[in-house]
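The values are calculated or read from the model by the stated rules, or taken from the named source; none is laboratory data. These numbers were taken from a predicted model, which means no experiment stands behind them. Ideal geometry is used to build each Cβ from the backbone, glycine not excepted, and the neighbour counts take in all protein chains shown. To get the accessible areas, we keep the full protein, side chains included, count just its heavy atoms, and leave off ligands, DNA and RNA. Shrake-Rupley method; radii C 1.70, N 1.55, O 1.52, S 1.80 Å.
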Amino acid sequence: MAFSKLSLSTAMAEGVKAMGYTEPTPIQLRAIPLIVSGLDVIGSAQTGTGKTAAFALPILSKLERHQPQPRVLVLEPTRELAAQVETAFRDFARFTDLRVTVLFGGVGYGRQREDLRKGMDVIVATPGRLLDLIGQGVCKLNQIQYLVLDEADRMLDMGFLPDVRRIIERCPRNRHTSLFSATIPPEIETLIKWAMRNPQLVEIGARRTPAKGVKHVIYPVADAQKKDLLTELLNRVNYDSVIVFCRTKSGADRIAHLLKRDNHAVALLHSNRTQREREHALRGFRDGRYEVLVATDIAARGLDIAAVSHVINYDVPQHPEDYIHRIGRTGRMEAAGDAFTLMTAEDGRHVNAIERFISQKIPRVKLENFNYRYTALFEQGRPGQPAPGTRRITAARIRGGYYFGPARRR
Ligand code: AMP
């Protein structure tokens, strides 16, 4: 089915064409008609499914001409996402006189205040800075007609829900609300009951299915050899661009340093970096100046980085849903990609949780000719359980590393 059947305004139909989109994605097919007809929508779809256009196109279609008071508010958990969504709105609105701005912290107030003074139709914002500007009396939400809560589960994780509630209280009751979230934990359910009216659920694919086309494997390895294995993987794998996920900011710093030393062009993304550094890293990675992006989960959540050929989980994600989000970076719009996860003996519990969550067993593989210090016998066995042909597997700490092998005689 074509976009022309979706009751979009002429300007939006042209905008879509200019973007080179030929067919709507499944979430667009289902969400656009609902939003156009004025219903509240809960969208549950993976990143990379085209969800931004699924809310931006119908909302922009309804706005028609520029007016001085903001009528659309989109809340985003991170500055990068906010900037990305603002760009999408601007792209779609290029054949209109509608004005779009983005408000986030970490940068000066000047341009943001100036935009608000001039009068914007669409505001894309992170909650903290928006409340700041409301407090200063330069931003008013009393004319908002469309409210979008994007990546709601991540806003919850980041502790933004109280701010989000404060913001919603400033919007008129008589408005349309859309909420997008990969998972719907109880806190989000409560928010939905409070903030939405008779919402329609649009669920694309099983919420727990990793993106199609992604080949994912686990490399069991001793803790002491993780860095070596990562270096070796990067040397051997024929990648175009790769994101390496680390659990902590300091871990990401260390890995970025190590990879730079190995002459990789590395960009680093985490929340301790300045806004400028983050933008520089992202732009460089998108332009191909950097081939490796080392990132923490929060910093990289939902970012639309096209054509990532590989994702490497240097650390196993602690929350199963993060696994889906991380490997969602590859296989965007169904292109193929590879996702590698390095796993030490300590990670068994988290890997089991991920496998239960996605209802799939992730194959364990060994890197050929890698000088494993301890035998990895994970290929068929589950961690902590005997692989076929072995009597018992034990994971014992040996000189700072782990031994994955049959129980040793003491
Ligand atoms: P999103 O899930 O909103 O982050 O979108 C992921 C990527 O898909 C972005 O690069 C969009 O520009 C692109 N995209 C969204 N909708 C379509 C479509 N109908 N056809 C082709 N590409 C699309």
Taking the stretch 164-184 and keeping only residues that are closer than 22 Å to Leu60 by Cα and touching a residue at least 60 places away in the same chain (Cβ under 8 Å), one is left with Ile167, Cys171, His176, Thr177, Ser178, Leu179, Phe180, Ser181
Here's a check for you: in the stretch 22-48, which residue that is open to solvent by 30 Å² or more (accessible area, probe 1.4 Å) and touching a helix residue (DSSP H, G or I) at 6+ places or on another chain (Cβ under 7 Å) is nearest to the ligand (Cβ to nearest atom)?
Gln46
If you go through the stretch 197-204 one residue at a time, do you hit one that is outside any helix (DSSP H, G or I), open to solvent by 60 Å² or more (accessible area, probe 1.4 Å), without any contact (Cβ under 8 Å) to a residue 60 or more places away in the chain and within 19 Å of Val74 (Cβ to Cβ)?
no
Run down Ala300, Ala339, Ala281 and say which single residue is at pLDDT below 85, in contact with a Lys or Arg (Cβ under 8 Å, 6 or more places away or on another chain) and open to solvent by less than 10 Å² (accessible area, probe 1.4 Å).
Ala300
Specify which of the listed residues (Arg349, Arg332) is modelled with pLDDT of 75 or more and either basic (Lys, Arg) or assigned by TED's automatic domain parsing to the domain that holds Thr183 (or both).
Arg349
Only residues that are within 9 Å of the ligand (Cβ to nearest atom) and under 15 Å from Phe89 (Cα atoms): list them for the stretch 1-19, please.
Val16, Met19
Does any residue of the stretch 77-89 turn out to be of a type in the set (Ser, Thr, Tyr), away from the ligand (no atom under 13 Å from the Cβ) and crowded, with 21+ Cβ neighbours inside 10 Å?
yes
Determine whether Thr52 is open to solvent by less than 30 Å² (accessible area, probe 1.4 Å), near the ligand (Cβ under 8 Å from one of its atoms) and within 19 Å of Ile204 (Cα to Cα).
no
Could you tell me which residue of the stretch 81-115 is nearest to Leu303 (Cα to Cα), considering only residues that are out of contact with any strand residue (DSSP E or B) (no Cβ under 8 Å at 6 or more places or on another chain) and among the basic types (Lys, Arg)?
Arg94
Quick one: what pairs do we get from the stretch 50-71, first residue in the same structural domain as Ser37 (by TED's automatic domain parsing), second within 16 Å of the ligand (Cβ to nearest atom) and among the polar types (S, T, N, Q), C-beta under 7 Å, 6+ apart or different chains?
Gly50/Thr25; Gly50/Gln28; Ala53/Gln28; Ala54/Gln28; Phe55/Ser178
So, in the stretch 55-71, exactly how many residues are more than 21 Å from Ile188 (Cα to Cα) and within 16 Å of the ligand (Cβ to nearest atom)?
6
Are there strands (runs of 3 or more DSSP E) fully within the stretch 237-301 with at least 1 residues that are among the aromatic types (Phe, Trp, Tyr)? List them.
242-246
Quickly run through the stretch 109-140 and pick out the residues that are part of a loop (DSSP other than H, G, I, E, B) and either open to solvent by 50 Å² or more (accessible area, probe 1.4 Å) or of a type in the set (Phe, Trp, Tyr) (or both).
Tyr109, Gln136, Val138, Lys140
Scan of the stretch 1-21 for residues that are under 24 Å from the mean Cα position of the chain (by Cα), surrounded by 14 or more Cβ atoms within 10 Å (Cβ to Cβ) and without any contact (Cβ under 8 Å) to a residue 60 or more places away in the chain, ordered by number
Tyr21
